[in-house]
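The values are calculated or read from the model by the stated rules, or taken from the named source; none is laboratory data. Please read these numbers as outputs of a predicted model, since none were measured by experiment. Note: ideal-geometry Cβ built from the backbone for every residue, glycine included; neighbour counts use all protein chains shown. For accessibility, only protein heavy atoms count, side chains too; no ligands or nucleic acids. Shrake-Rupley method; radii C 1.70, N 1.55, O 1.52, S 1.80 Å.
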Amino acid sequence: MAQDFAAETLAPNAMRWDEEKHFPVEEMRAAAALGMGGIYIAEDVGGSGLSRLDAAVIFEALSTGCPTVAAYISIHNMCAWMIDRYGDEAQRQAFLPKLCTMEHLASYCLTEPGAGSDAAALKTKAVRDGDHYVLDGQKQFISGAGVSDVYVVMVRTGEPGPAGISTLVVEKGTPGLSFGANEKKMGWNAQPTAAVIFENCRVPVANRLGPEGIGFKIAMAGLDGGRLNIGACSLGGAQGALDKSIAYAGERKAFGARIADFQALQFKLADMATELEAARSLLWRAAASLDAKTPDATKLCAMAKRVATDTGFAVANDALQIHGGYGYLADYGIEKIVRDLRVHQILEGTNEVMRMIVARGLVGRAKGN
Ligand SMILES: Cc1cc2nc3c(=O)[nH]c(=O)nc-3n(C[C@H](O)[C@H](O)[C@H](O)COP(=O)(O)OP(=O)(O)OC[C@H]3O[C@@H](n4cnc5c(N)ncnc54)[C@H](O)[C@@H]3O)c2cc1C
């Protein structure tokens, strides 16, 4: 179903949305009507109650139509899950039904101008004043900013470091909440990216997810699944580029033969398919471990994100090469995939940060910790 939706609704429009920098909200609501607005959200609030493995399959399929739109839907799902998992009953009932239909859209607000990879250094402060927190600070690079209705925001309510961070749900229209201009980007043009600014912004204490001080834990738990989804989006984009390359190689002629007849090119295609399958296998294994809540799930999600996003970019870039000069032209749709997949190596934790997460466990063991 996701594959059909990608082919019928996303793929025919993806190039135009990229060029016009159009955020296709209505089409995303159509995806939500098919159950993709709350894939792994409980059914009592309108979610689909599926697994992380199901989500990995769905996001790969959606991305064959447009990785950018699929990736935004994945961020939306991550935010909804954070509310489902850590919210109380009142919060779940207040926010999730409209998020599952995507009548409301959600944004994840962790990064700040001075705190990217070192997210626990975030400075946006939330000072308690009776039944409210008063927020001051700025979030940077927020996907969906300005359009989204619900902002899941990591703020500092206490001491420096991760233990002083809490998570608040901030609704669009709250006085003191404003947005920067839409950033001009290399790719991901079918969704807005902007700063989210808080100036004396009063947010009800009732909008805090869980107790004070667990916000960093909530943020990282969201990212475990988010990283699987972004990895899946890379696989789908790259699979689409590989499929186009196979078709093109069967038509394009050089030296009196189809370029698909050259063994060097056949080997290139074989390697692309093999690397993608290897990355997919690791991603599905990581998704299964997150579903089973195994102790190594975070490590496996980090491994899978790095491998899937690096492999996805490399395969898309090879696909561009197979298309020769035509790959560099917008009309063939390959350069867009390369531009879109590049950022997956940077966001939801850079691939260097993924190595830090994996290495932490290894070095800890070497020390006997
Ligand atoms: C299009 C786009 C959309 C985004 N959407 C969101 C969003 O919705 N919500 C959100 O919260 N954030 C979002 N981000 C932010 C993204 O998660 C950050 O850009 C990313 O985490 C990196 O942070 P930074 O840009 O500050 O880079 P920095 O942290 O400054 O890193 C710079 C470089 O140094 C490397 N580096 C840093 N520390 C180490 C280390 N210890 N060892 C080795 N290398 C290191 C990094 O890997 C990187 O290569 C988005 C970013 C982009 C570009």
Can you work out the accessible area per residue across region 216-363, with the rest of the protein chains kept in place, probe 1.4 Å, in square angstrom? 45 Å²
Taking a crude spin-label model, label points 7 Å out from Cα along the C-beta direction, the Asp88 to Ala206 distance in nm is 1.0 nm
Overall form of region 277-323 per C-alpha gyration tensor (a/c, 1.5; a/b vs b/c): prolate
Taking N as its residue count, the alpha carbon Rg of region 1-104 over 2.2 N^0.38 Å: 1.05
Reach of Lys305 by Cα under 18 Å, taken over lysines that are not fewer than 8 positions away in the same chain: Lys293
Taking just the C-alpha trace of region 179-220, give me its Rg and Dmax in Å. 15.0, 39
Counting only protein heavy atoms and a 1.4 Å probe, tell me what percentage of region 107-213's accessible area is made up of carbon and sulfur. 52 percent
Pairwise label distance in nanometres, Glu19 with Ala181, each label 7 Å out on the Cα-Cβ vector: 2.4 nm
Region 93-189 - accessible surface per residue (Å², probe 1.4 Å): 42 Å²
Partner aspartates and glutamates whose C-alpha sits under 18 Å from that of Lys268, ignoring same-chain residues fewer than 8 away, are Asp243, Glu251, Glu277, Asp310, Asp318
Distance between region 324-349 and region 39-108 - C-alpha centres, whole angstrom: 26 Å
So what's the Cα pair-distance distribution over region 290-363, bin width 5 Å, in %? 3, 17, 20, 16, 14, 11, 9, 6, 4, 1
What accessible area per residue comes out for region 52-91, rounded to a whole number of Å², with a 1.4 Å probe? 22 Å²
Overall dimensions of region 107-213 as given by Cα atoms, namely Rg and Dmax in Å: 13.3, 44
Most mobile listed residue (Ala90, Ala194, Ala71) in the chain, GNM with C-alpha springs under 10 Å: Ala90
For the chain, whose charge dipole is built from +1 on Lys and Arg Cβ atoms and -1 on Asp and Glu Cβ atoms, the candidate among Pro113, Trp188, Ser51 with its Cα farthest towards the positive end is Pro113
Return the single residue from Lys217, Lys21, Lys293 with maximal mean-square fluctuation; model: Gaussian network over the chain, springs between Cα atoms under 10 Å. Lys293
Fluctuation leader among Thr193, Thr274, Thr64 - the chain, Gaussian network, Cα springs under 10 angstrom: Thr274
Considering only protein heavy atoms and a 1.4 Å probe, what is the carbon-and-sulfur percentage of the accessible area of region 216-363? 60 percent
Using Cα-only point scatterers and the Debye equation, what is log10 of I(q)/I(0) for region 48-118 at each q in 0.13, 0.18 Å⁻¹, rounded to two decimals? -0.46, -0.82
In Å, descending, principal axis extents of the Cα set of the chain: 79, 53, 38
Round to the nearest 10 and give me the degree value, 0 to 90, for the angle of helix 89-100's Cα axis relative to the longest principal axis of the chain. 30 degrees
Fraction of accessible area attributable to carbon and sulfur, region 1-104 (%, probe 1.4 Å): 50 percent
Under 20 Å from Lys336, Cα to Cα: lysines that are on another chain or at least 8 residues apart: Lys21, Lys184, Lys185, Lys244
If the convex hull is drawn through the Cα atoms of region 216-363, its volume per residue in Å³: 108 Å³
